[in-house]
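The values are calculated or read from the model by the stated rules, or taken from the named source; none is laboratory data. This is a predicted model, so every value here is computed, not measured. Just so you know, the surface numbers come from the protein's heavy atoms only, side chains and all, with ligands and any DNA or RNA stripped out. Shrake-Rupley method; radii C 1.70, N 1.55, O 1.52, S 1.80 Å.
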Amino acid sequence: AGSEVSQESLLLHGPFARKPKRIRTAFSPSQLLRLERAFEKNHYVVGAERKQLASSLSLSETQVP
């Protein structure tokens, strides 16, 4: 009986456990405008361009979609 796994433990750590939700970034209107313009030019902003865009918007690279 000591080796039983509780239902709660399965939900939190089992194979179907949900990842914790990522906190959604609330972009300012000016950040949104810059991001939309960058997206219009190139649908995939990567590399140095992504790093520069993130820096200029005071965002992390992971926040730049």
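Laid out as a table, the results:
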read-out: Solvent exposure of the range 21-63 as accessible area per residue, Å², 1.4 Å probe; value: 86
read-out: Full-extension gain in nm, S56 to S30, via 0.36 nm per residue minus C-alpha separation; value: 8.2 nm
read-out: Theoretical gain in end-to-end length, R22 to Y44 [0.36 nm per residue, Cα-Cα removed]; value: 5.8 nm
